[in-house]
1. What is the sum of charges around ASN32, taking Lys and Arg as +1, Asp and Glu as -1, for the other residues whose C-beta is under 13 Å from the C-beta of ASN32?
2. What number comes out for the charge environment of CYS22, summing +1 per Lys or Arg and -1 per Asp or Glu over other residues with Cβ under 14 Å away?
3. What Kirkwood hydrodynamic radius do you get for segment 72-116 when you take the inverse of the mean 1/r over all pairs of distinct Cα atoms, in Å?
4. Please identify the longest segment of the chain free of exposed trypsin sites (Lys or Arg not before Pro), where exposed means a DSSP state other than H, G, I, E or B and no more than 11 other Cβ atoms within 10 Å.
5. What net charge do the residues around CYS96 carry, taking every other residue with its C-beta under 11 Å from that of CYS96, with Lys and Arg at +1 and Asp and Glu at -1?
6. Quantify, in whole percent, the carbon and sulfur part of the accessible surface of segment 15-124 (1.4 Å probe; protein heavy atoms only).
7. Between ARG67 and ASP112, how many nm apart are label points set 7 Å from Cα along the C-beta direction?
8. Taking the chain as a Gaussian network, where each spring joins two C-alpha atoms under 10 Å apart, which residue of TYR80, TYR113, TYR60 fluctuates the most?
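The values are calculated or read from the model by the stated rules, or taken from the named source; none is laboratory data. Everything numeric in this text was worked out from a predicted model, so none of it was measured. So basically every Cβ, Gly included, is an ideal-geometry build from the backbone, and we count neighbours across all protein chains shown. Heavy atoms of the whole protein, side chains included, go into the accessibility calculation; ligands, DNA and RNA do not. Shrake-Rupley method; radii C 1.70, N 1.55, O 1.52, S 1.80 Å.
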Amino acid sequence: QVQLVESGGGLVQAGGSLRLSCAASGRTFSTNAMGWFRQAPGKEREFVAAISWGGGSTYYRDSVKGRFTISRDNAKNTMYLQMNSLKPEDTAVYYCAARRSTTPASTIASYDYWGQGTQVTVSS
């Protein structure tokens, strides 16, 4: 089992930045590929970014490329999502997820463990 807790959400103006953190505990963190997803009101949960177990491979949805950066510190059992140039359409609850594989993935069904989410609100 892997327990995940997100933090760092909040209210920010358009063009601003936030850094989300995902703290993991339980089974070995460093062998799990990780990902960030988000869900806006009335919409389905969607993939945002993913990172391999060692951090050498990263993937992003097109709408966040160049603005968001996913990273991880296995020594601290923590994953991050640096979000810059935020837009109102980035408003959502952001979830971190882990999968029992070293390879990152972009589908919800690929992930085995989920956090409770943190709210990000971007005002215009």
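1. Combined, the nearby Lys, Arg, Asp and Glu give +3.
2. +3
3. Over segment 72-116, the inverse of the mean reciprocal pair distance is 12.6 Å.
4. 66-124
5. +1
6. Result for segment 15-124: 44 percent of the exposed heavy-atom area is carbon or sulfur.
7. Here the answer is 3.3 nm between the modelled labels.
8. TYR113
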